1. Round to the nearest 0.05 the FRET efficiency obtained for Asp202 and Arg242 when R0 = 22 Å and r is the Cβ-Cβ distance.
2. State in Å² the accessible area per residue of segment 178-256; use a 1.4 Å probe, count heavy atoms of protein chains only, and round to the nearest integer.
3. Out of residues 5 or more away from Asp241 or on other chains, whose amide H comes under 5 Å of its own, with H placed 1.01 Å from N in the peptide plane?
4. What residues qualify as long-range amide H neighbours of Phe161, i.e. H under 5 Å apart, gap of 5 or more or another chain, H built at 1.01 Å from N?
Amino acid sequence: MDRKATGNIIVIKRKTVVAGGHHGGAWKVAYADFVTAMMAFFLLMWLLSVTDEQTRLGLADYFSPTIPIHSTRGGGDGPFDGSSMFSQDVLAKDETGQTGDPDRIQKDGGQDQTLYDIAEELTGGSGDAVAADPALRHIATRITDEGLIIEVFDIEGSPLFDGTSVEPNAILEQLLEMIGRVLARTANQVAVTGHLASHDVDADGADPWRLSGGRAQLARERLVAAGIAEERLARVTGKSDRSPVSDTAGDDRNRRIEITLLRRFEP
């Protein structure tokens, strides 16, 4: 064959497209979600292994509301005249996540706060609030297995009682009225305990047990007058100087009234 008579041979390659061959990377998004979920799971397991019981209770209390409150609200916007914005958050539950005291909630239309919300309401929620209202310096709160403990204590130059008597000063009257109004919107039981400082024991020959018990009774009366139902009082006790919060001898902080909003454990 004459090579000059031969033309160029053109080869055409056609690409076959198979439907469904490209997924747009959706599998990557699904895989990323799976990895994130596993990281969160292992982080949770690690946190549970390194935290103590009290911290775990606090975390559970944060995610599971515990304190049912009533819908009655004050007209002011401060800790002494009104209620917290947290009082309309979620429906009432107890520590186990089950609904608590349903009749009372349904009847009054109340909703729920956690122990932390109550504590924040009582202390003003910030250092600025304490600076604006010096009375709040007398209050400290802490959450324990028993419940929310509200300490009302002496500070230098501003005692709660007149000397070694059961006569309250104006600052204590004001504080007990405010605490009573806040706790009156809850349904949990309340315990009241009176405490003395070590140097109160031998002062003026007063019986420290009667004195601490008398101060606790005075606090109970003021709380009831502020709206807490008498049947909610679980106990009223005086402990003399046997349970100090400060190891410093003669610390005025040990002279205090403790009001405990008890946790609700339903069967």
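1. 0.90
2. Heavy-atom SASA per residue in segment 178-256 reads 44 Å².
3. For Asp241, the qualifying residues are Leu196.
4. Asn169
The values are calculated or read from the model by the stated rules, or taken from the named source; none is laboratory data. This structure is a prediction, so every number in the text was calculated from the model and none was measured. All Cβ positions, glycine included, derive from the backbone under ideal geometry; neighbour counts span all protein chains shown. Ligands, DNA and RNA are excluded from the accessible area calculation, which covers all protein heavy atoms including side chains. Shrake-Rupley method; radii C 1.70, N 1.55, O 1.52, S 1.80 Å.
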